[in-house]
Amino acid sequence: MRIVVLVSGTGSNLQAVIDSVAAGDLDVEIAAVGADRPGTYGVERSAAAGIPTFVVDFKDYADRSDWNTALTKAVAAYDPDVVVSSGFMRIVSAGFIDAFGGKYLNTHPALLPAFPGAHGVRDAMAYGVKVTGCTVHWADAGVDTGPIIAQEAVSIEDSDTEETLHERIKVVERRLLVSTLASLAAAS
Ligand code: GAR
């Protein structure tokens with residue numbers, strides 16, 4: 001199973017995938033890692049691991065539609081079976097979903113459909129829920145919407161800050177992403 005992983009930042013979930021592949025625990029080929037801006041640690045660590053990388057910089061395009069077309073072409077060039085949005089913080093267009101719909105996987109640090117968007121951890125804390133978690137789902141053109149594949153709960157402690165909670169969620173999220181990819185690879 002060939003995957004292309006899209007990142008916007010640190011890429012610690014991506015690193016878990018890279019490590020699992022390197023350890024022989026996950027039978028997928030990471031065909032490429034792409035980002036929506038230059039200078040992400042996600043791209044840096046992929047390049048260090050010898051994985052092809054690309055950047056389709058949002059700032060280089062006149063509008064969202066042009067950027068989406070360029071992103072769709074860049075991803076399609078690697079002919080992926082599954083595209084993984086792993087901390088990719090941009091909404092993709094219908095054109096991208098036309099190309100990769102049904103095989104565009106997203107991870108989110110909340111129990112969807114609660115707390116979608118860029119601040120899922122912060123929003124859960126602000127609401128005052130006592131349990132949040134993470135979700136791996138097939139993404140569509142909405143904001144963190146689409147059929148749910150796997151979820152796991154994480155309790156919120158009184159002493160939590162957004163950072164401590166997000167880090168605890170990410171520990172679970174990395175495991176859930178790797179196990180979901182393993183199940184998909186086994187079924188492919
Ligand atoms: C992850 O927690 C991911 O779920 C979240 O960004 C983080 C990226 O961490 N994505 C979203 O909030 C999407 N709405 P990472 O770069 O260390 O993997």
Exercise for review: Return yes or no: is residue 161 loosely packed, with under 13 Cβ neighbours inside 10 Å and among the polar types (S, T, N, Q)?
Suggested key: yes
Within the stretch 99-118, residues being at pLDDT 95 or above, in a loop (DSSP other than H, G, I, E, B) and over 15 Å from residue 86 (Cα atoms) number 5
Picked from the stretch 78-98 (must be outside any helix (DSSP H, G or I), touching a strand residue (DSSP E or B) at 6+ places or on another chain (Cβ under 8 Å) and open to solvent by 20 Å² or more (accessible area, probe 1.4 Å)), the residue farthest from the ligand (Cβ to nearest atom) is 79
Being of a type outside the set (S, T, N, Q), open to solvent by 30 Å² or more (accessible area, probe 1.4 Å) and at pLDDT below 95 narrows 123, 140 down to just 140
Exception for residue 62 within (1) loosely packed, with under 13 Cβ neighbours inside 10 Å; (2) in contact (Cβ under 8 Å) with a residue 12 or more places away in the chain falls at (2)
Within the stretch 53-80, the residues that are at pLDDT 95 or above and acidic (Asp, Glu) are 57, 60, 66, 79
Q.
Being within 16 Å of the ligand (Cβ to nearest atom) and among the hydroxyl-bearing types (Ser, Thr, Tyr): is that true of residue 65 here?
A. no
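The values are calculated or read from the model by the stated rules, or taken from the named source; none is laboratory data. Values in this document were obtained by computation on a predicted structure and should not be read as measured data. Because the Cβ atoms are built from the backbone with ideal geometry, glycine has one as well, and the counts that use them run over all protein chains shown. To get the accessible areas, we keep the full protein, side chains included, count just its heavy atoms, and leave off ligands, DNA and RNA. Shrake-Rupley method; radii C 1.70, N 1.55, O 1.52, S 1.80 Å.
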